[in-house]
Amino acid sequence: MFRCVRWWKKVPTRMGFEPTRAEHNGLAVHRLNHSATSSCRSMRRSQSSLSSVQALRLKMVDSQYYLPNDIGISKLDCVEAFRLLSPQEKMYAHYLSRASWYGGLVVLLQTSPESANIFVLLQRIFRKQNPVQLEQVAVEAGLSSEEYMAFLVYASGLYANMGNYKSFGDTKFIPNLPKAKLKALVWASQAFQEQPAEMEVLWDSCSCLLYSLEDGQKQLGLGDKGITTYFSGNCTLEDAELAQRFLDSKVTQHKLTKPSSIYFTDCAVEGECTSCCGTFIFEDKEFTVKRGDYASLMEKVCYYLQQAQAYAANDNQKKMLEEYSRSFTLGSVEAHKEGSRYWIKDKGPIVESYIGFIESYRDPFGSRGEFEGFVAVVNKAMSERFASLVSSAEVLLPELPWPREFEKDTFLKPDFTSLDVLTFAGSGIPAGINIPNYDDIRQSEGFKNVSLGNVLAVAYATQKEKLTFLQEEDKDLFIKWKGPSFEVQVGLHELLGHGSGKLFVQDDKGKFNFDQSKVINPETGEPVSSWYRDSETWDSKFTTIASSYEECRAECVGLYLCLNKQVLSIFGHEGQDAEDVVYINWLSMVRAGLLGLEFYTPESKSWRQAHMQARFVILRVLLEAGEGLVGLEEVTGADGKPDARITLDRSKIHTVGKNAIHRFLCKLQVCKSTADVEGGRALYDNYSAVSDSSAHNFLRLRETVLLRKEARKLFVQANTRVSGDNVELVEYEANQAGLINSFVERFQDDAEQLEADLLEMSKRDAPCWC
């Protein structure tokens, strides 16, 4: 991967890069001459002239930037799944977990300039005094019980999100207590008493940004839309596009490395024929490519991957881990792709895992991958249902609303398993996964699907009194069938959503993977006139909308195919129960579309979360279908505050609803298959628009959603430790103290060195932000 890229145009500018989801798995882009902006400007706001309505709206907006003291915290239960593993499997899972946890710390550096320093500050405090011991210190320092709880909630949120921006929505969150009170607590802590000079320097390095809510720091984004560490602060969309063209050109010429690696050297080292590091001229700009990002963390990842090899169940697992180690040692995307090939071949393992720079949701340009690693144990009973769905895939795929030529030539039956998560390291935990994300592998060699069962079991559990925007008569049914319907949706979304559809490609020798003379675009009635060139990928072409657009396509596939009785039968739903599952699945999607407004920023007219943007788009499509299918009205709640009500006519789902999704889904696929960026962007941006001038005042509805939003749950995960010849599972309570203690104990063996390394890596990147 790239570490630094530099181009020249009158004045010198510098760029640096982190692995992209496609070919150049993650580059961070930096330019020289980044003009510093103050991080500590006062954010005083005069409210004396605000009307009561304005004050309410201001309060609603500000609430986005705090985590509430009553935020839900759930334990990710994997006791039974872990107990059933053999001693060898437990050792394998342990070392993979260690690799994942150390790699997951990369996300701190990928999130914001201050995240790593805040993490170290918290670790040093809690290593000396656990939350229970620190409570008395807080009282003596003048904190109320609510203020101390707010501090614990903030710390829990930072650990769970691996940074001070929400993993789901990319909004910044700050401590919900005065800065002076937090400083008093830090100064009173044992960590400060023992090392006052070091702790004061650490506080000074992050305290301003820790509390800052300047417009450019409220959310992740590129340029004037927010903060990102994938690009330096003076990079614009034009710079990102230039960098992408440069990367595409290097893919065509030779295979790229990625900047995250153990080695810093620019020349080829043992294990590689050539190095892609160096200086290059492209479009009259000079790019300098370096590597070595996160070297100390990558070294720990590789060490534990090598330990895991001794306990691998088969050769595919051993070779997979060898290639991953080579990837993180050299910074080789090709090695990670090779490891992914072995991973696909490892069918039905008892212990499943994946690791690397995977998803591109948080790169504002939509191409660079965030680090994640997971380790999970197969749930055999639920996996049997998903296996039945895989077996039915070749019958179900022809039902999708695009011509046969727009579907893959051969459906490569993937592994599809239900897993109980032991470890998920990164910024957040999804409900399901479809990987690898390399387009060329997915199209011709295959992929895997996983549904994370113990995540589903707790993440979407809902209390009736907290159910918003539904009619009273729908609430009991929603609670009963939300889990089962979401299970169906996840299965269809991952397997037949992300797993379907063909990309039309012309390779580097001019050969096409489709018949130009025969394939007709069903939207125009004309022959297909656009396609992907060899070096181009879905992400590199559709950039900023790629992630959300693809999630929308997969969600539509789930809605469309859940109407199929065979699908419902596979999941054990027949008769009236099956109809209820369909109704709640569609109702849940419509409600999610309204809830998605929380993740829209009016000031920059931008969306902060790919899935929620996708669901809002689907809501717009179903509202547009008319005929009374979906109703959305603004009302006044029982508490006298603004509210909203959603209705769905279940008698029209199979007719009006299905026809609307049929038309929209076909358009989505045709634009994707043909690399029609202009048409796809126009279509998607139109439905993504949030305004007050349409039939529904979505800007005002957004304020209502913010008023009544419920904070996303945090998860407490177990640790593993070797005791003699055995591996023990260490569990923690489902509260703030448990979550905090889990992270302190996770890195206790080399805490001081690890913290020093994180601060050094943060310091190394600091010139890019100021």
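The values are calculated or read from the model by the stated rules, or taken from the named source; none is laboratory data. All figures in this text were calculated on a predicted structure; none of them were measured in a lab. Backbone-built Cβ (ideal geometry, glycine too); neighbour counts: all protein chains shown. Accessible surface areas use protein heavy atoms only, side chains included; no ligands, DNA or RNA. Shrake-Rupley method; radii C 1.70, N 1.55, O 1.52, S 1.80 Å.
Please compute the Kirkwood hydrodynamic radius of region 697-751 from all pairs of different C-alpha atoms, in Å with one decimal.
For region 697-751, the Kirkwood estimate is 14.3 Å.
Name the residue farthest towards the positive end of the dipole of region 405-445 from the options Phe416, Gln443, Pro430, assuming +1 on Cβ of Lys and Arg, -1 on Cβ of Asp and Glu, about the Cα centre.
Highest projection toward the positive end goes to Pro430.
Rounded to the nearest 10 Å², what accessible area does His654 show when all protein chains are kept and the probe is 1.4 Å?
Approximately 80 Å² of His654 is accessible to the 1.4 Å probe.
Give the distance, in whole Å, between the Cα centre of region 358-416 and the Cα centre of region 642-656.
29 Å
Just name one of Gln506, Gln566, Leu452: the one whose Cα is farthest towards the positive end of the charge dipole of the chain (beta-carbon charges, Lys/Arg +1, Asp/Glu -1).
Result: Gln506, furthest along the dipole toward the positive end.
Roll a 1.4 Å probe over the protein chains and send me the accessible area per residue for the chain in Å².
That works out to 38 Å² for each residue.
Using +1 at the C-beta of Lys and Arg and -1 at the C-beta of Asp and Glu, which of Phe192, Leu182, Ser205 has the Cα lying farthest in the positive direction of the dipole of region 165-207?
Checking the options against the dipole of region 165-207, the answer is Leu182.
Under the rule a/c < 1.5 gives rounded, and otherwise a/b versus b/c splits prolate from oblate, where does the chain land using the Cα gyration tensor?
Rounded, because the longest to shortest axis ratio a/c is under 1.5.
Compute the signed sum of charges (Lys and Arg +1, Asp and Glu -1) over the other residues within less than 14 Å, Cβ to Cβ, of Pro401.
+2
Amide H to amide H, which residues 5 or more places from Lys448 or on other chains are under 5 Å from it, using H placed in the peptide plane?
HN-HN under 5 Å from Lys448: Ile435.
Using Cα-Cα distances under 8 Å and only pairs 6 or more residues apart, what relative contact order does the chain have, in percent?
18 percent
Got a number for carbon plus sulfur as a percent of region 653-770's accessible area, 1.4 Å probe?
Summing carbon and sulfur atoms, their accessible area is 44 percent of the total for region 653-770.
Which whole-number percent is the relative contact order of region 348-467 (Cα, under 8 Å, 6+ apart)?
For region 348-467, the relative contact order is 25 percent.
Charges only on Cβ, +1 for Lys and Arg, -1 for Asp and Glu: so what's the dipole of region 545-661 about the Cα centre, in debye to the nearest 20?
260 debye
Calculate the translational D of region 492-557 in whole µm² s⁻¹ from Stokes-Einstein, where the hydrodynamic radius comes from the Kirkwood formula applied to all Cα pairs, the temperature is 37 °C and the viscosity 0.692 mPa s.
My calculation gives 245 µm²/s for D.
Among the DSSP beta bridges whose two residues both lie in the chain, what percent are antiparallel, rounded to the nearest 5?
Antiparallel bridges: around 75 percent, rounded to the nearest 5.
Dividing the alpha-carbon radius of gyration of region 391-448 by 2.2 N^0.38 Å (N being the number of residues), what value is obtained?
1.39
Over region 56-149, one equal point on each Cα, no solvent: what is log10 I(q)/I(0) by the Debye formula at q = 0.12, 0.15 Å⁻¹?
-0.72, -1.02
If packing is taken as the average count of other Cβ atoms within 10 Å, what order do 223-231, 601-609 fall into, highest mean first?
223-231, 601-609
Check cross-link reach from Lys347 to the lysines: straight Cα distance under 20 Å, and skip same-chain residues fewer than eight apart.
List returned: Lys90, Lys318, Lys319, Lys337, Lys380, Lys413, Lys448.
Write down, largest first, the equivalent ellipsoid semi-axes of region 121-189 in whole Å, where each equals the square root of 5 times an eigenvalue of the alpha-carbon gyration tensor.
22, 13, 9
Roughly speaking, to the nearest percent, how much of region 567-609's 1.4 Å accessible area is carbon and sulfur?
Within region 567-609, the accessible surface is 45 percent carbon and sulfur.
Classify region 320-370 from the C-alpha gyration tensor, please: rounded if a/c falls under 1.5, else prolate or oblate depending on whether a/b exceeds b/c.
Oblate is the answer for region 320-370, as a/c is 1.5 or above yet b/c matches or exceeds a/b.
Shape call for region 567-685 from the C-alpha gyration tensor, a ≥ b ≥ c root eigenvalues: rounded (a/c under 1.5), prolate (a/b greater than b/c) or oblate?
oblate
Roughly how much of Tyr263 is accessible, in Å² to the nearest 10, using a 1.4 Å probe?
Number for this one is 80 Å².
For region 350-503, with only Lys/Arg (+1) and Asp/Glu (-1) charged at the beta-carbon, what is the dipole magnitude about the Cα centre, in debye rounded to 20?
Dipole magnitude for region 350-503 comes out near 200 debye.
For the chain, give the magnitude of the charge dipole about the Cα centre (Cβ charges: +1 Lys/Arg, -1 Asp/Glu; no others), in debye to the nearest 20.
940 debye
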